[in-house]
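None of the figures in this text is laboratory data; all of them are computed from the coordinates on show. No experiment lies behind these values; they were computed from the predicted model shown. So basically every Cβ, Gly included, is an ideal-geometry build from the backbone, and we count neighbours across all protein chains shown.
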Amino acid sequence: MLTTLDTPYADASADGLSFALGLPPLDALAVLPVRRGEVTVHFRLLGASHQVIVGPLSETVACLDGPAEPLPGRTSTTLPGWAYEFTAKTARHDDDAAFGRAVEAVCARLADRGDALAGAFPGARHAVTALALEETAEETGMQWRTWHAYPQTREIVMTRSRLVRP
């Protein structure tokens, strides 16, 4: 599902993103609940950032005030009855055309999916934040990916998360 967010785009960059687990639900511009088996994943767009809430997990990647960790390349932890893994990387594009093609490819892949949420900012072409479930061979867990596109720096931050019952 692609939605136009009802807020102006504020300049941000990949370097401004922080990572936090366990935050309460933050004010969201768009929310998509997706049911997988007995669990519902709540994708939440927070402007140029996201929050995913599922089972005992609250994952937030955002420009946060206060005590937040920088965006890690990789981290993992255990939660009651679950194991969680998170990875992040940033792709930098040499020119606006390459960046635009990359953002448009993500949006095209997710456009007709009921298990994906993408938000675009009015008046800021290619300023997009997107989340999507991924298929997993494991029946006891789930995976999702996110993309945070920053036109002014031609960066796309990509994250992949995995939550499984051990």
For this session: Along Cα→Cβ, 7 Å out, is where each label goes; now give me the distance between the ones at residue 96 and residue 63 in nm to one decimal.
Result: 2.1 nm
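Tell me the relative contact order for segment 1-66 as a rounded percent, counting alpha carbon contacts under 8 Å between residues six or more apart. Let's see the in-between values first.
On the way: 108 pairs, mean separation 21.9, N = 66.
After rounding, I find 33 percent.
Which value in deg cm²/dmol, rounded to the nearest 500, describes the helix-derived mean residue ellipticity at 222 nm for the chain, given -39,500 (n - 2.57) per DSSP H run of n ≥ 4 and division by the residue count?
Values: 1 runs with 15 residues, N = 166.
Roughly -3000 deg cm²/dmol at 222 nm, from the helical runs in the chain.
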For this session: Arrange 156, 53 by Cβ neighbour counts within 10 Å, fewest through most, would you?
Result: 53, 156
Exercise. Dipole of segment 36-126, Cα-centred, from +1 at each Lys and Arg C-beta and -1 at each Asp and Glu C-beta, to the nearest 20 debye?
Worked result: 120 debye
Exercise. Once label points are set 7 Å from the Cα along Cα→Cβ at both residue 153 and residue 21, what is their separation, rounded to one decimal in nm?
Worked result: 2.5 nm
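Determine the relative contact order of the chain: mean sequence separation of Cα pairs under 8 Å and six or more apart, normalised by residue count, in whole percent.
On the way: 384 pairs, mean separation 43.7, N = 166.
Taking the mean separation of contacting Cα pairs over the length of the chain, I get 26 percent.
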Problem set entry | Computed magnitude of the charge dipole of segment 2-164 (debye, nearest 20; Cβ of K, R +1, Cβ of D, E -1) | 180 debye
Seminar exercise, completed: Charge dipole of the chain built from unit charges on the beta carbon (Lys, Arg +1; Asp, Glu -1), centred at mean Cα; most positive-end Cα among 43, 131, 81 is 81
Exercise. Once you put a point 7 Å from the Cα of residue 40 and another 7 Å from the Cα of residue 77, both along the Cβ direction, what distance in nm separates them?
Worked result: 2.4 nm
